[in-house]
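Beneath this line is the structure, given in structure tokens, with notes to follow.
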Amino acid sequence: MNYAQVLNELETLVNDTFTLWEHNRVGFQWRHYTWNHTMRVRAMGMELGKREGGDVKLLEVAGTLHDITKRYDGVILTDDNGQRILDHNGFWLNETLTPAGQNIVTELYNKHDLHGKVHHESGAVITENILEMYDFESDFVEAATAVVLAHLKPMNLTAEDFKLLYNRVENQILYDADTMDPNVGYTAFFRNIHIHSYFALQRGNFDLEDYVRNLPRWINSKQEFVDKLLTESSREVAQARQDRNQHLFLQMVDELDDMEINRKYGLLGIIEYFVSVTEDPHFLNQLDHLQNEWLPLRQQWLAEEEQDASARDRAQAAIDRVDDFLTLLTRESNGEI
Ligand SMILES: [Fe+2]
Ligand SMILES: [Fe+2]
């Protein structure tokens, strides 16, 4: 078996599967979100695997497949009182969204009657069936299936059940990577701005100053996620990400004192860029745009414009902040930090 080729086929399968649905936004997800998230979680999982002495290949394969059935998730079901309905493990139950197209994943989904199952359970069944089609050792298939199943943690697990579900470090690691990506660090900020601005625009308008000033409420609410992660390495990485977001807030709130320059050259300008393209944001494409078009254009403006020395210095400092932001966002996205 050529591992690189198999991995490539699995990636293509996952990416193709995500495109089988016609809807864009459901709750806090949008069309391109799941693929970008999958790639980031896989990268982070592999890095944590190296640090914790886990099986990096296992994390690569399981990371690729972990959300394979996520696009079946529709709106969260609520009861007559508007309360979200939980299953016996404390997971929110979703409406099941039917794909417009078919492939091997949807065939398996129907064959094993996975409708109504939360996506870590259905994803585990799909993972097992897909990997069995290749020449993986049966132990490896079993382990990958277990990692996918454990990527969501049931509430109120007994100590005994916890040991069963998270017996392998890889199970803990993928859970941690999957929890970190949407909750802490610049990757979480990217998600937050696109959720916040989408709903703000639907209500009428996005208030930049308000958004920035309220960031600490969101950042602080995430501290408990950091503290409850399962491995030491994850808590270390996540705390650094959390501190990074606190620092980002301080930079942004300072930028409010010099609006004109910073909306044009600084982090405030980055926020406004995100808000301008929030319908179905593609993380990697937006990152690429910011690095290869947005930032160079500002550097060009600065070189060409006639400004007094103070304005030029402030614009340069704003550009430097953006440069740092994009560097760190890229490194987070690659699972390095
Ligand atoms: Fe998931
Ligand atoms: Fe995920």
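The values are calculated or read from the model by the stated rules, or taken from the named source; none is laboratory data. Keep in mind that what you see is a predicted model, and the values were worked out from it rather than measured. When we count neighbours, we look across all protein chains shown, and the Cβ atoms used for this are built from the backbone with ideal geometry, even at glycine. Note: areas computed on protein heavy atoms with side chains; ligands, DNA, RNA excluded. Shrake-Rupley method; radii C 1.70, N 1.55, O 1.52, S 1.80 Å.
Which whole-Hz couplings ³J(HN,Hα) result when phi for each residue of segment 165-176 is put into the Karplus expression 6.51 cos²θ - 1.76 cosθ + 1.60, θ = phi - 60°, listed in order with x for Gly and Pro?
After applying 6.51 cos²θ - 1.76 cosθ + 1.60, I find 6, 10, 5, 9, 4, 5, 5, 5, 5, 5, 4, 5 Hz.
Near Gly90, within a Cβ-to-Cβ distance under 12 Å, what is the net charge of the other residues, with Lys and Arg +1 and Asp and Glu -1?
+1
Work out how much length His115 to Ser221 would gain on full extension: take 0.36 nm times their residue separation and subtract the Cα-Cα distance, in nm to one decimal.
Net length gain for the segment: 34.9 nm.
Quick one: plug the Kirkwood hydrodynamic radius of segment 186-333 (C-alpha pairs) into Stokes-Einstein at 37 °C, 0.692 mPa s, and report D in µm²/s.
202
What's the angle, to the nearest 10 degrees (0 to 90), between helix 186-203's Cα axis and the longest principal axis of the chain?
Taking Cα atoms only, the helix is inclined about 80 degrees.
Extending each Cα 7 Å along its Cβ direction at Arg51 and Tyr273, get the distance between those two points in nm, one decimal.
Going from the Arg51 label point to the Tyr273 one covers 2.8 nm.
With θ set to phi - 60°, apply the Karplus curve 6.51 cos²θ - 1.76 cosθ + 1.60 along segment 324-329 and write out the HN-Hα couplings as whole Hz, x wherever there is a Gly or Pro.
Those phi angles translate into 4, 4, 5, 4, 5, 4 Hz.
Kindly provide log₁₀ I(q)/I(0) values, in the same order as q = 0.12, 0.13 Å⁻¹, from the Debye equation applied to equal alpha-carbon scatterers of segment 46-120.
-0.49, -0.56
Could you work out the helix-only [θ] at 222 nm for the chain, with each DSSP H run of four or more residues adding -39,500 (n - 2.57) and the total divided by the number of residues, to the nearest 500 deg cm²/dmol?
-20500 deg cm²/dmol
If each residue of separation counts as 0.36 nm, what is the full-extension length gain between Asn15 and Asn205 once their alpha-carbon separation is subtracted?
Gain on stretching Asn15 to Asn205: 65.1 nm.
I need the per residue convex hull volume for segment 3-179, using only the alpha carbons, in cubic angstrom as a whole number.
That works out to 120 Å³ per residue.
What's the local net charge at Ile76, with K and R +1, D and E -1, over the other residues with C-beta under 14 Å away?
In short, -1.
Can you check how the C-alpha radius of gyration of the chain compares to 2.2 N^0.38 Å, as a plain ratio?
1.06
Cut-off under 26 Å on the C-alpha distance; same-chain residues fewer than 8 positions from Lys117 excluded. Which lysines are left, in chain and number order?
Within the straight-line cut-off, Lys117 pairs with Lys70, Lys153, Lys163, Lys228.
Find the relative contact order for the chain and round it to a whole percent, using C-alpha pairs within less than 8 Å whose residues are 6+ positions apart.
Once divided by the residue count of the chain, the mean separation gives 20 percent.
Can you tell me the orientation of helix 138-149 relative to the chain, as the angle in degrees between its alpha-carbon axis and the longest Cα principal axis, to the nearest 10?
Approximately 50 degrees, to the nearest ten.
How large is the accessible surface per residue of the chain, computed with a 1.4 Å probe and reported in Å² as a whole number?
With the other protein chains kept in place, the chain gives 47 Å² per residue.
Would you mind pulling out the separation of the Cα centroids of segment 103-124 and segment 5-46, in Å?
With segment 103-124 and segment 5-46 each reduced to a Cα centre, they are spaced 16 Å.
Tell me the carbon and sulfur percent of the accessible area for the chain, rounded to whole percent, probe radius 1.4 Å.
47
What whole number of Å gives the distance from the Cα centroid of segment 205-251 to the Cα centroid of segment 265-312?
Each part reduced to its Cα centre gives a spacing of 23 Å.
Taking the simple approach of a point 7 Å from Cα along Cα-to-Cβ for both Asp87 and Glu304, what is their distance in nm?
5.7
Enumerate by residue number the GluC sites (Glu not before Pro) in segment 64-164 meeting two conditions: DSSP loop (anything except H, G, I, E, B), and at most 12 other Cβ atoms within 10 Å of the site's Cβ.
Glu132, Glu137
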